[in-house]
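Presented below is the structure to which this report refers.
The values are calculated or read from the model by the stated rules, or taken from the named source; none is laboratory data. Computed from a predicted model, the values in this text were never measured in an experiment. Here the Cβ is made from the backbone with ideal geometry for all residues, glycine too, and neighbour counts use every protein chain on show. Remember, those area values only see protein heavy atoms, side chains included, never the ligands or the DNA or RNA. Shrake-Rupley method; radii C 1.70, N 1.55, O 1.52, S 1.80 Å.
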Amino acid sequence: MQEWKVSGQKRIDIESRFRPEIEGLRTVAALLVAMYHIWFNRVSGGVDVFFVISGFLITTSIISTINRTGEFKFLPYVTKLLKRLLPSVLFILGVVLVLSTFLLPASILGKTIREVIASMFFYQNWQLAVSSTDYLDATQMKSPVEHFWALSIQWQFYMIWFVLFSFILWMMNKYQIRSIKAVLNGLLGFLFVTSLAYSIYLTEVNQPWAYFITPTRVWEFSLGSLLCVNLSAILIPKGVATIIGWIGLIGLLTTGVLLNVPWLYRTLADDMRLDDRVIRDARDTVRIKTIPRI
């Protein structure tokens, strides 16, 4: 795999420091996911927060590595990720596989084994999309590892970001680009807009597919990356920042209450099916009226 180097004059300047507010936000998001899934059977928005935070943190890590070493190598990057993810992933999947063999009925065991394999190799989200799984449908048969779809998207995003930053470093070396932040903002902004637009479109066309596939989620990681690149340039008075922070926290806590996502999607799907029936009925009516009399 190609590696790219950058000279000291072309460092990408960001503010890299420990942020306790991000740790607090991760805790709130984790609690929201657990509470809403266990007790309310609803979507909380916590996973979306995780994706934005992941974009912020991995971009900070990549840029810090480039600034520190002047290069970005594939093997150390992937090895670091695998050391962090694989131990817990393999342990959980191993326990699930053993218990499922003894406890699950044959009707769901095959599905579970396929999803364990998909989770192990980080393509569980695509496995669920291809198998027409509706994550928001509580009546649909679930496997014990269905929630691994989010980790699979994260891993795929990490690979996409390696390609993205390798491309950026190649451009820096080849074209002697001075404004690296402008290039980053341009590329990240393009990914954000296109992914968000595609997500909105596909949600109306095929909601379960839109929920799982990676392209409809890239905008969330891109948003976190844009914050990473530009946060040091955003100057807000402390009092205003405190008010905005509390408004954001209240909004996050109440999202799952105010927005009944499964109901909204079911209503949308019902409306689309109704529209299809209306169109078919109209076509049948026109066809009947245009049949010539004999």
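Computed values, structure above
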item: Yes/no for Ile236 being assigned to a helix (DSSP H, G or I) and either in contact with a helix residue (DSSP H, G or I) (Cβ under 9 Å, 6 or more places away or on another chain) or open to solvent by 50 Å² or more (accessible area, probe 1.4 Å) (or both); result: no
item: Count - residues of the range 171-187 that are exposed (fewer than 13 other Cβ atoms within 10 Å of the Cβ) and in a helix (DSSP H, G or I); result: 4
item: Unmet requirement for Arg11, which otherwise passes all of (1) modelled with pLDDT of 75 or more; (2) surrounded by fewer than 20 Cβ atoms within 10 Å (Cβ to Cβ); result: (1)
item: The listed residue being closer than 28 Å to Ile153 by Cβ, touching a Lys or Arg at 6+ places or on another chain (Cβ under 9 Å) and at pLDDT 80 or above, out of Val218, Val229; result: Val229
